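Notes to accompany the following structure.
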Amino acid sequence: MLAGDLSRRFHPDLVEIRPRDPWPEDYEEMVDWATRWRNSDQLLPLKWTLDLADRAFIFLGFPIWGGSLPAPMRSFLATANLAGKPVLPFITHGGFGAGDAMAEVRRLMPNAAFAEPLILQCDQERASLNALRGWLSDVAAAIPR
């Protein structure tokens, strides 16, 4: 929903970071899978690589998995070059906050120029969109025109 609203407003390429091999469809199996990858030192193989060299800025959206950065996002950030680019993170969580996700993002991308992240508890669509719009007003200076 949030990425869709950003896509309608700014017309960026909308890309979902996915693992090379699909994750389990069953919820409990998915939780186990995500936990194994969260505790692993290895990077999760991704479905595709992205060349972001020609992008002026990046909206970076992800959910929190078990209090942490999701394994697909960790793999993406460990391999992407966003040095010097404005990165505007938006994070959703189920009620326990963003955990250490932004510290991990900054560790993986020390040369990116991060705007203040939008961190939202998953809630009603309208409240999330209103919070997104308020945040965009606050970080507008980081978006090249």
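Where a number appears in this text, it was derived from the coordinates with a stated rule and is not lab data. Not measured: the values here are computed from a predicted model. So basically every Cβ, Gly included, is an ideal-geometry build from the backbone, and we count neighbours across all protein chains shown.
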From fewest to most C-beta neighbours within 10 Å, the residues R9, R55 line up as R9, R55
Residues with amide H under 5 Å of W65's amide H, sequence separation 5 or more or different chain, H placed in the peptide plane at 1.01 Å from N; which?
none
Radius of gyration and maximum dimension Dmax of the chain, Cα, Å:
15.1, 44
Determine the dipole magnitude for the stretch 14-119: charges of +1 sit on the beta-carbon of Lys and Arg, -1 on that of Asp and Glu, nothing else is charged, the reference point is the Cα centre, and the result goes in debye to the nearest 20.
420 debye
Looks like the stretch 1-83, by Cα gyration tensor root eigenvalues a ≥ b ≥ c and the a/c under 1.5 rounded cutoff (else prolate when a/b is bigger than b/c, oblate otherwise), is prolate
Honestly the stretch 81-145 on the Cα gyration tensor test (a ≥ b ≥ c root eigenvalues; a/c under 1.5 rounded, otherwise a/b vs b/c for prolate or oblate) is just oblate
For K85, K47, which order do you get if you count the other beta carbons within 10 Å of each Cβ and list the fewest first?
K47, K85
Between F59 and residues 5 or more places away or on another chain, the pairs with built amide H atoms under 5 Å apart involve L88
Relative contact order in percent for the stretch 1-65 (Cα pairs under 8 Å, 6+ apart) equals 34 percent
Out of residues 5 or more away from L120 or on other chains, whose amide H comes under 5 Å of its own, with H placed 1.01 Å from N in the peptide plane?
I91, T92, H93
Along Cα→Cβ, 7 Å out, is where each label goes; now give me the distance between the ones at E104 and D32 in nm to one decimal.
2.1 nm
Relative to the Cα centre, what is the charge dipole magnitude of the stretch 11-56, using +1 at the beta carbon of each Lys and Arg, -1 at the beta carbon of each Asp and Glu, and rounding to the nearest 20 debye?
200 debye
Return a whole-number percent for the relative contact order of the chain, with Cα pairs under 8 Å and 6 or more residues apart as the contact set.
21 percent
Which order results if S7, S128 are arranged by neighbouring Cβ count within 10 Å, fewest first?
S7, S128
When the charge dipole of the stretch 1-86 is computed with +1 on Lys and Arg Cβ and -1 on Asp and Glu Cβ about the Cα centre, the Cα farthest towards its positive end, among G66, A34, A53, belongs to A53
